[in-house]
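Asks: There's a structure below that I have some questions on.
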Amino acid sequence: MSKDNQELAEERTNWAEDRTILANERTFASWMGTGLGAVGVAIGLKAVFGDFEPTWAAKVVASMFLIVAISIFWGAQRQATKTWDRLNDTDAEATPSRNFRVIAILMSLSSAAVGAVLWSL
């Protein structure tokens, strides 16, 4: 392979890695949205079953959705970080991997706060 062809091949590989990094960030954002959907279901259950007796049963079901949301947040963080660590950004400015963890922590704390509010109602 000539030097020009080798440089072109390396450049194509770098672009592919950049595209993969950006796709990883979009996938992470999508999983965060899915987790927020589970939080929305938990809040919706409180609205739908507000007068449900026993009230603890509706709260348990809502809490299950909050647990699912928190699991989604941490699973997404773990997978996004694993993917990010395998790749090298060349031209794309990738989100630092610690941001995945910070977002997962904030989303988890927010979901736990929603659970606390649901149980106090």
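Computed from the coordinates by the stated procedures, all read-outs in this text should not be read as laboratory data. Quick caveat, the model's predicted, so the values are computed rather than measured. Counting neighbours? That spans all protein chains shown, and the Cβs are built from the backbone with ideal geometry, glycine included.
Asks: So the check is Cβ under 6 Å with 6+ separation or different chains; which pairs have a first residue in the stretch 10-25 that's on the phi < 0 side of the Ramachandran plot and touching a residue at least 24 places away in the same chain (Cβ under 8 Å) and a second one that's in a helix (DSSP H, G or I) and β-branched (Val, Ile, Thr)?
Replies: Here the result reads 24/83, each pair linking the stretch 10-25 to a residue that is in a helix (DSSP H, G or I) and β-branched (Val, Ile, Thr).
Asks: Among the residues of the stretch 42-84, count how many are of a type in the set (A, V, I, L, M, F, W, C) and in contact (Cβ under 8 Å) with a residue 60 or more places away in the chain.
Replies: Final tally of qualifying residues: 3.
Asks: Further, regarding this structure: I'd like the full set of residues that are in a helix (DSSP H, G or I) and exposed (fewer than 12 other Cβ atoms within 10 Å of the Cβ), limited to the stretch 2-15.
Replies: Residues satisfying the conditions are 3, 4, 5, 6, 7, 9, 10, 12.
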